[in-house]
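Down below is the structure, laid out as structure tokens.
The values are calculated or read from the model by the stated rules, or taken from the named source; none is laboratory data. For clarity, every value in this text was computed on a predicted model and none was experimentally measured. Here the Cβ is made from the backbone with ideal geometry for all residues, glycine too, and neighbour counts use every protein chain on show. Areas reflect the complete protein model, heavy atoms only, side chains present, ligands, DNA and RNA absent. Shrake-Rupley method; radii C 1.70, N 1.55, O 1.52, S 1.80 Å.
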Amino acid sequence: MSTNPRILISGASIAGPTLAYWLARHGFRPTVVEQAPTLRAGGNGVDLRGASIGIAESMGVLPALRERATDIRALTFVDTDGQRVATMPTSTFSEPGDLEVMRGDLARVLYDTTADDVDYRFGDSVDTITQDGDVVQVGFAGGTSAEFDLVIGADGLHSRVRNLAVLPEKDAAHPLGLGFASATVDVAFGAQRTVTLHNTPGRVAGVYRSGNHTAAQAFFAFRTSREFEFPRDRQSQVDLLREQFAGAGWEIPALLDAATADPTFYLDAMTQIRMPAWSRGRIGLVGDAAYCPTAFSGAGAALAVEGAHLLATGLAAGAHEAAFARYESSLRPIVRARQRSVGPGSAMLVPATNTRIWLRNQLTRLMVLPPLAARVFRADRAAAA
């Protein structure tokens, strides 16, 4: 039995339930606290590949995930009239065995797999953290308090655990000069089994429509200054997005109406988390809380699964100090590689000028960009392996 059996995990999306699964399997007593009242629905497609596929298989969840897999076959760029100007097959960026699922589907499968062995507490969150010798005193927003041997923040980009006990967000967050929004919309938008995108300089709006799902995902990205302050209240976010895409053509006006009316509407700065250390004392971080690579990396879910497995394996082997150090030294080179990959991806998806949009389209038509992108992607993956 571990010397640190009582572990609190903040966050019930991907990294948190994965970590809880492996901790419970190794004899720990994990508790997962989640601010949302229920599992969060919505979200774009996320990728599992490489080591994360093997981990999912060993958890017994791979069949369920494959049943829920998306079947996106192409990225198609369209003009103002909706006419196709360039297409890129998704096979450019994937290899046999890779798996794409919707974020909400992945979270649901992970929760269902762990619900019987893990204490989930929805509708509450960490409010205070005090490290006191061999224990961590945690105060919850709901008014209760408890002692734990370890606390792990798996609570995303704006991690409360990280901000309270490891490193303030202002020192960990590195904005990329992009805003990103997403929401669930009707399948009437977009083409089946396709990611349909429309660009104007420094802007992209699109629809992600899987043939295996009854709803589609709208998404928007736009270039900003790195110092731009993004609002936190919903109405200001809606106003900002409408302002950014005012006067845009294609189906964007209707897409904006549908997206901003959806309860799962999300908008934030596209931000990477880069930290000198992923732990402090008895507090550790995993997933986006520690090393968010952003959605344009295509690696956030895989890194969350891999990181959670590495951390649980280390904690099962011995003291938390050695476990935190081993987990970080093993994963950090992979994280660096995936974070570096975002630059080329954003240049392709959100060209800054009309000239760059035209050049991207021409290269895609000539089938120059897909093989080049594939070589860059696979070289980056090999470097991270």
Dividing the mean separation of Cα pairs under 8 Å (6+ apart) by the residue count of the chain yields a relative contact order in percent of 21
All-pairs alpha carbon distance profile, region 70-187, 10 Å steps from 0, percent = 9, 23, 29, 21, 13, 4, 0
Mean Kyte-Doolittle of at least -0.5 plus a Cα span of 18 Å or more along the axis: flag which DSSP H helices in the chain meet both, please.
-> 300-317, 369-384
How large, in percent, is the carbon and sulfur part of the accessible surface of the chain at a probe radius of 1.4 Å?
-> 52
Measuring with a 1.4 Å probe in the full set of protein chains, what accessible area per residue, in whole Å², belongs to the chain?
-> 42
Could you give the longest part of the chain that holds none of the GluC sites (Glu not before Pro) found in DSSP loops with at most 15 neighbouring Cβ atoms within 10 Å?
-> 1-226
Only helical DSSP H runs with n ≥ 4 go in: add -39500 (n - 2.57) per run for the chain, normalise by residue count and round the 222 nm mean residue ellipticity to 500 deg cm²/dmol.
-> -11500 deg cm²/dmol
Centre separation in Å (Cα based) which lies between region 64-80 and region 1-58 = 26
Size of the chain along its principal axes in angstrom, Cα-based, largest extent first?
-> 63, 42, 37
Rounded to the nearest 5, the percent of antiparallel DSSP beta bridges in the chain equals 70
